[in-house]
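Heads up: the structure comes next, in structure tokens.
The values are calculated or read from the model by the stated rules, or taken from the named source; none is laboratory data. Note that the structure is predicted; figures quoted are calculated from it, not measured. FYI the Cβ positions are ideal-geometry reconstructions off the backbone, even for glycines, and counts take in every protein chain you see.
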Amino acid sequence: MFASDGKSAVKSSSVRRSLPKVTEDALDEPGIDLSRFLLVYKFAIEEVMTKLRILGEEFDFIHRHDPIEHVTSRVKRPEAIKDKLRRRGLELDLDVIAEHLDDVAGIRVVCPFVSDVYRVAQMLTRQNDVELLLRKDYIDAPKANGYRSLHLILRIPVFLSDRVEHVKVEVQLRTIAMDFWATLEHKLCYKYEDQVPADFAEELASTATIAAQLDARMQALHLRLH
Ligand code: 0O2
């Protein structure tokens, strides 16, 4: 799960420089320097985290409302990268990872209101150096189990000492209610390993509906104030 992969958490209004670790769990395959390869993903996360901090702080200054509640990030653990490659029948190769895995660098942005999710996504993706590769709107069209979030696959330039690398970053944006549901759903379903009993899944989907209703009611209250 995203949050367990050496995450670093940042409150938008008070950024701490806690970097994701990428070396503690390196792959020991001969000829594959994954630790060095992953370093650039750490830098890409840093770049996007800075953008988010600036957007949140400036928006708050102008509108007296911070659209970002908190941000977490992680570089995918080498073991998780290996597992994903294995599941997809892909070979362990750095070019293959760069091309086929979109979530090596992951950032989760938790916003107070649904309108903030779209506002932050828009402010981020309209920046000249941010390339939007893919947008999956699971708020507009939730997954069958009730999961809601807005997923963006971005590509951003990272300026290194001797070259520029264009690095993919997955950004998941969601409200506090969506995050609450996704976190607990992951905990509750983990044990079942994709074999969730039907009545259990139904009850979970129903709680997702309640979370969506809560979002809608909070959004309405927010609109009355702004
Ligand atoms: P982690 O550690 O959370 O990153 P892919 O990302 O290519 O493997 P897919 O289906 O194209 O697969 O990606 P999608 O739908 O954009 O979802 C990927 C990530 O979204 C997941 O990452 C989760 O973080 C989150 N997610 C998607 N669906 C659910 C869900 O039903 N419940 C919860 N709690 N989270 C979900 P991973 O792969 O789980 O790992």
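Note on segment 61-97: residues that are surrounded by 15 or more Cβ atoms within 10 Å (Cβ to Cβ), among the charged types (D, E, K, R), within 16 Å of the ligand (Cβ to nearest atom) and under 24 Å from residue 149 (Cβ atoms) amount to 4. Cβ-Cβ contacts under 6 Å between residues 6 or more apart (or on different chains), taken from a first residue in segment 147-173 that is modelled with pLDDT of 95 or more and within 16 Å of the ligand (Cβ to nearest atom) to a second residue that is assigned to a strand (DSSP E or B) and among the acidic types (Asp, Glu), are listed as 150/137; 153/170; 155/131. Taking residue 74, is it in a strand (DSSP E or B), under 20 Å from residue 156 (Cβ atoms) and modelled with pLDDT of 85 or more? It is true that residue 74 is in a strand (DSSP E or B), under 20 Å from residue 156 (Cβ atoms) and modelled with pLDDT of 85 or more. If you go through segment 128-137 and keep only what is within 18 Å of the chain's Cα centre (by Cα) and surrounded by fewer than 18 Cβ atoms within 10 Å (Cβ to Cβ), you end up with 131, 132, 133, 134, 135, 136, 137.
For residues that are surrounded by fewer than 22 Cβ atoms within 10 Å (Cβ to Cβ) and more than 9 Å from the ligand (Cβ to nearest atom), scanning just segment 98-109, find the one that is nearest to residue 133 (Cα to Cα). Taking the candidates together, the pick is 99.
Only one of the numbered conditions (1) in contact with a strand residue (DSSP E or B) (Cβ under 7 Å, 6 or more places away or on another chain); (2) in contact (Cβ under 8 Å) with a residue 24 or more places away in the chain is not met by residue 77, and that is (1). Just one of the listed residues (90, 85) is assigned to a loop (DSSP other than H, G, I, E, B) and among the aliphatic types (A, V, I, L, M), namely 90.
Sort out which residues of segment 111-123 are surrounded by 20 or more Cβ atoms within 10 Å (Cβ to Cβ) and not acidic (Asp, Glu), and write them in order of number.
Result: 111, 113, 114, 117, 120, 121.
Listed here are the residues, each with its yes/no results for (1) under 22 Å from the mean Cα position of the chain (by Cα); (2) exposed (fewer than 15 other Cβ atoms within 10 Å of the Cβ); (3) of a type outside the set (Val, Ile, Thr); (4) farther than 19 Å from residue 118 by Cβ.
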| site | (1), (2), (3), (4) |
| --- | --- |
| 186 | yes, yes, yes, yes |
| 192 | no, yes, yes, yes |
| 200 | no, yes, yes, yes |
| 203 | no, yes, yes, yes |
| 221 | no, yes, yes, no |
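Among the residues of segment 18-32, is there at least one that is outside any helix (DSSP H, G or I), at pLDDT below 95, out of contact with any helix residue (DSSP H, G or I) (no Cβ under 7 Å at 6 or more places or on another chain) and within 16 Å of the ligand (Cβ to nearest atom)? Yes, segment 18-32 contains at least one residue that is outside any helix (DSSP H, G or I), at pLDDT below 95, out of contact with any helix residue (DSSP H, G or I) (no Cβ under 7 Å at 6 or more places or on another chain) and within 16 Å of the ligand (Cβ to nearest atom).
Identify, from the list 106, 56, the residue that is small (Gly, Ala, Ser), touching a Pro at 6+ places or on another chain (Cβ under 7 Å) and within 23 Å of residue 178 (Cα to Cα).
Unique residue meeting the criteria: 56.
Might you let me know whether segment 191-203 holds any residue that is aromatic (Phe, Trp, Tyr), outside any strand (DSSP E or B) and within 12 Å of the ligand (Cβ to nearest atom)?
no
Of all residues being within 9 Å of the ligand (Cβ to nearest atom) and more than 30 Å from residue 37 (Cβ to Cβ) in segment 174-184, which is surrounded by the most Cβ atoms within 10 Å (Cβ to Cβ)? Just the residue, please. Ranking the qualifying residues of segment 174-184, first place goes to 181.
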